[in-house]
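Chemist: The structure's right below; bear with me while I get my questions together.
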């Protein structure tokens, strides 16, 4: 636990000493402001947007995960570019513990951000149980995103390109709401699809349990698989 | 302490092996050096030994135990000084060291102040590493490698990027570590460094070991046991070292005029390297 806290403190020191990363911490506040004060007058003025309110919420849930996805990716890319990653390869810390210690705090922060988002959004009544389930599942985007980026890229330049691509990829399942019903699960190969579907069902008052279970299992399997690739590549 | 037998290592996408069946051992309290040009396999051999590369063939034992059988506790035992500086640039030198110290069970024997003082970085310990020169970062590498008091220390080009004064200090610290019973395995292309601090050296070229011995023996074996004398009048003569003090010709020669210089004809380690491997040391 001491190691996890120490690494989390180091990560936050790095974030607060880097203007780009520090700036990203403002993203959730902007998002909350938009959801609380931006969207309601917009929907009031343009009523045709009302049926899409659940999509605003689902996008906000996914965007909430992007703060620590971006920050985490950049911190680890920097670690790789400066060869600090090699040092983690020769310290008495298992690779699994390393992954756990790097992602636990950002993951929990993201969970907290999503819980708050569900509480402060003014559109739907969402119970605390489903709030927690969606928040815990959707926040798995953070480790999956960071591990994937860092399993592929070698430097910041490549990182920025892939981050752009991943930003679009996580929102791609939005398209499922604009295709015929029979085809909507074609986007199921992207794990965030199951979060979008869960949010929709929840806002319609339907059960989202099945989608959450599929999403959770999918996320965990992908994280497990990508972690193995990451471990092979990151510390060399 | 370190036993390596017939070690073969091939990078995944490479056709040929980088290490082609090398064998050597390093005793406790010894400074052992791998000498060779870039790409010879020096650093690869070290990376196998500090468990970054695990897909090797052959035998590698540390303290009588197969390397593959060691768990994470192995890393308590070793320290690694990397060839290039690798630190968090946004953190201070002290923060960098403190972070990595938390991973070890052993509390550092030396305080932060002592460690930074050892390598003349006391004034810079609270400055961000991004403000350090390359030499300062390399010195930080050095103290990070030894801060948890490891038994075996790997140094990859330990004097690379250092000014002569700092390089001398680092070499002196390595000699002190040896005196404290530490086992040290260095790789270098600097023959002078190897000559100064290594008890034994191995010449490695194209993934093969061509010779292993003490620098003294190697120089003796491949050099001439003779002195070359030059007088003020420009006359030059070579005399065998054996019984030099009673060599009448030598005594007569040095009495015939003032002696300008006397040189032993011992080969330098670099000359030995070229003779043994047939290759010059290209960095």
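Chemist: Would you confirm, using the coordinates I've provided, whether residue B:84 is assigned to a loop (DSSP other than H, G, I, E, B), modelled with pLDDT of 90 or more and at the interface with chain A (Cβ under 7 Å from one of its Cβ atoms)?
Modeler: yes
Chemist: Scan region B:214-223 and tell me whether some residue there is outside any helix (DSSP H, G or I) and in contact (Cβ under 8 Å) with a residue 40 or more places away in the chain.
Modeler: Within region B:214-223 (the criterion being outside any helix (DSSP H, G or I) and in contact (Cβ under 8 Å) with a residue 40 or more places away in the chain), the answer is yes, since at least one residue qualifies.
Chemist: Here's a follow-up. Tell me, which helices (runs of 4 or more DSSP H) wholly within region A:138-236 include 2 or more residues that are more than 14 Å from every other protein chain (Cβ to nearest Cβ), under 22 Å from residue A:74 (Cα atoms) and free of Cβ contacts under 8 Å to residues at least 60 places away in the same chain?
Modeler: It comes to A:156-171, A:209-234.
Chemist: Hey, another quick one. Just to be sure before I move on: is residue B:121 within 11 Å of chain A (Cβ to nearest Cβ) and either surrounded by 16 or more Cβ atoms within 10 Å (Cβ to Cβ) or under 19 Å from the mean Cα position of the chain (by Cα) (or both) in the structure I sent?
Modeler: No; evaluated as a whole, the condition is false for this residue.
Chemist: Somewhere in region B:153-169, is a residue in contact with a helix residue (DSSP H, G or I) (Cβ under 6 Å, 6 or more places away or on another chain), part of a helix (DSSP H, G or I) and free of Cβ contacts under 8 Å to residues at least 60 places away in the same chain?
Modeler: yes
Chemist: Another question, if that's okay. Any idea how many residues of region B:62-81 are within 9 Å of another protein chain (Cβ to nearest Cβ), in contact with a helix residue (DSSP H, G or I) (Cβ under 9 Å, 6 or more places away or on another chain) and touching a residue at least 24 places away in the same chain (Cβ under 8 Å)?
Modeler: Total satisfying the criteria: 3.
Chemist: While we're on this one: Of everything in region B:22-39, what is in contact with a strand residue (DSSP E or B) (Cβ under 8 Å, 6 or more places away or on another chain) and loosely packed, with under 15 Cβ neighbours inside 10 Å? Give them in sequence order.
Modeler: Hits for region B:22-39 are B:23, B:25, B:27, B:28.
Chemist: Are any residues in region A:63-90 surrounded by 22 or more Cβ atoms within 10 Å (Cβ to Cβ) and either assigned to a loop (DSSP other than H, G, I, E, B) or under 14 Å from the mean Cα position of the chain (by Cα) (or both), and if so, which ones?
Modeler: Listed by number, the residues that qualify are A:64, A:65, A:66, A:67, A:68, A:69, A:70, A:71, A:72, A:73, A:90.
Chemist: Regarding region A:42-58, can at least one residue be identified that is in contact with a helix residue (DSSP H, G or I) (Cβ under 7 Å, 6 or more places away or on another chain), at pLDDT 90 or above and either within 14 Å of chain B (Cβ to nearest Cβ) or within 26 Å of residue A:10 (Cα to Cα) (or both)?
Modeler: no
Chemist: Quick check on region A:11-26: of everything there that is farther than 13 Å from residue A:106 by Cβ and outside any loop (DSSP other than H, G, I, E, B), which residue is farthest from the other protein chains (Cβ to nearest Cβ)?
Modeler: The residue in question is A:23.
Chemist: Hey, among the residues in region A:91-100 that are facing another protein chain (nearest Cβ under 9 Å) and without any contact (Cβ under 8 Å) to a residue 24 or more places away in the chain, which one's surrounded by the most Cβ atoms within 10 Å (Cβ to Cβ)?
Modeler: A:91
Chemist: Just to confirm my filter: which strands (runs of 3 or more DSSP E) fall fully inside region B:1-46 and include at least 1 residues that are in the same structural domain as residue B:183 (by TED's automatic domain parsing) and more than 24 Å from residue B:175 (Cα to Cα)?
Modeler: B:2-9, B:19-26
Chemist: Something else now. When you look at residue B:94, is it touching a strand residue (DSSP E or B) at 6+ places or on another chain (Cβ under 7 Å) and in contact (Cβ under 8 Å) with a residue 24 or more places away in the chain, yes or no?
Modeler: Considered against the rule, which asks whether it is touching a strand residue (DSSP E or B) at 6+ places or on another chain (Cβ under 7 Å) and in contact (Cβ under 8 Å) with a residue 24 or more places away in the chain, residue B:94 comes out as no.
Chemist: Please find, among A:155, A:131, A:182, the residue that is at pLDDT below 95, touching a helix residue (DSSP H, G or I) at 6+ places or on another chain (Cβ under 9 Å) and surrounded by fewer than 19 Cβ atoms within 10 Å (Cβ to Cβ).
Modeler: Only one candidate passes the filter, namely A:155.
The values are calculated or read from the model by the stated rules, or taken from the named source; none is laboratory data. Everything quoted here is computed from the prediction, not taken from an experiment. Every residue, glycine among them, receives a Cβ derived from its backbone with ideal geometry; neighbour counts consider all protein chains shown.
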